[in-house]
1. Does the range 133-171 hold any residues that are modelled with pLDDT under 95 and of a type in the set (Asp, Glu), and which are they?
2. Show me the helices (runs of 4 or more DSSP H) found entirely inside the range 1-114 where at least 3 residues are touching a Cys at 6+ places or on another chain (Cβ under 9 Å) and of a type outside the set (Gly, Ala, Ser).
3. Got a sec? Which of ASP88, ASP24, ASP62 is among the charged types (D, E, K, R) and modelled with pLDDT under 90?
4. Among the listed residues ASP213, ASP130, ASP175, which satisfies the condition of being charged (D, E, K, R), modelled with pLDDT of 95 or more and buried (at least 21 other Cβ atoms within 10 Å of the Cβ)?
5. Can you report the number of residues in the range 33-59 which are free of Cβ contacts under 8 Å to residues at least 60 places away in the same chain, among the small types (Gly, Ala, Ser) and under 24 Å from MET211 (Cα atoms)?
6. Being among the aliphatic types (A, V, I, L, M) and within 18 Å of ARG133 (Cβ to Cβ) is the filter here, so list the residues in the range 162-192 that pass it.
7. Select, from ALA186, ALA194, the only residue that is within 24 Å of ASP111 (Cα to Cα) and surrounded by fewer than 24 Cβ atoms within 10 Å (Cβ to Cβ).
Amino acid sequence: MVKIRVMPTLLHRDMGLVKGERFDSWRRTGSALQAIKVYNMRGVDELVFMDITASPDGRPPDFDLIDDLADECFMPMTVGGGVRDAEDIGRLLGVGADKVSLNSHALANPDIIAEGARTFGSQCIVLSIDVLRGPDGRLEVMSHGGKRPTGKDPVEWAKRGADLGAGEILLTSIDRDGTFQGYDIALAKAVAAAVDVPVIASGGAGDYAHMADVLRQADVAAVAAASIFHFTEKTPAEAKKYLKKEGFNVRI
């Protein structure tokens, strides 16, 4: 049986880490290197590192930064932000990323998913999907850090991404991001039911029970979280202990 993963998310902006609410109101949370050193000791399954200003600013990934961080990161690391083509994917893998997350540029050019999967393998291609729920309840995929509407339905985009070769879907609810109100279970359930690849639920975790709820009700493969680990005393290791008691197959 595949083990459930608990994945802290690090959001990098300019010279340090930040965390906001609904992709806005950013607060500084320290340095990426220090956070990685802490997570090395905290039983983390995987780490997600996102450069949240790369695509909005129109710049490529900071390969030197990822090289430095990977030297200190003793857990699998998914890296995203500003990835434009297969060359960028290859360079990130070359400096130490284990998986590469595609978002804004994949929306503009979906062939990058297929080319990345064909060249490097589906197992290292993660399609990141940021979703906003409108006042009428309609779900829409957003790009460029949640700033640009795309008109795309998240379920259909997830299906296409998986068909093109994405090995995982990182699904983030913008509405729930940083709110501590729990994951958007309906969104996660709809996407997980539509694809045959693992779905990582992100956005909204406020306690360990929220993780159990989305895992149980939406049948996702992993949970990603940021604020709960930055702004409370809760840890990934304690999250996994809780999930184990709830009957989930986790690596302790």
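1. ASP136 - this is the single residue of the range 133-171 that is modelled with pLDDT under 95 and of a type in the set (Asp, Glu).
2. On the way: elements: 32-40, 54-57, 63-72, 86-94, 104-108.
Fully inside the range 1-114 and qualifying: 32-40.
3. On the way: ASP88 fails: modelled with pLDDT under 90; ASP62 fails: modelled with pLDDT under 90.
Sole residue among the options that is among the charged types (D, E, K, R) and modelled with pLDDT under 90: ASP24.
4. On the way: ASP213 fails: buried (at least 21 other Cβ atoms within 10 Å of the Cβ); ASP175 fails: buried (at least 21 other Cβ atoms within 10 Å of the Cβ).
After ruling out the rest, the residue left standing is ASP130.
5. Of the residues in the range 33-59, 1 are free of Cβ contacts under 8 Å to residues at least 60 places away in the same chain, among the small types (Gly, Ala, Ser) and under 24 Å from MET211 (Cα atoms).
6. Residues of the range 162-192 that are among the aliphatic types (A, V, I, L, M), as a first pass: 162, 164, 166, 169-171, 174, 185-188, 190-192.
The answer is ILE169, LEU170, LEU171, ILE174, ILE185, ALA186, LEU187, ALA188, ALA190, VAL191, ALA192.
7. Numbers: ALA186 fails: within 24 Å of ASP111 (Cα to Cα).
ALA194 is the lone residue from the list that is within 24 Å of ASP111 (Cα to Cα) and surrounded by fewer than 24 Cβ atoms within 10 Å (Cβ to Cβ).
Every residue, every condition in (1) among the acidic types (Asp, Glu); (2) buried (at least 16 other Cβ atoms within 10 Å of the Cβ), yes or no:
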site	(1), (2)
LYS3	no, no
MET15	no, no
VAL18	no, yes
GLY30	no, no
ALA35	no, yes
GLU46	yes, yes
ASP51	yes, yes
PRO56	no, yes
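The values are calculated or read from the model by the stated rules, or taken from the named source; none is laboratory data. This structure is a prediction, so every number in the text was calculated from the model and none was measured. Positions of Cβ are backbone-derived with ideal geometry, glycine not excepted, and every protein chain shown enters the neighbour counts.
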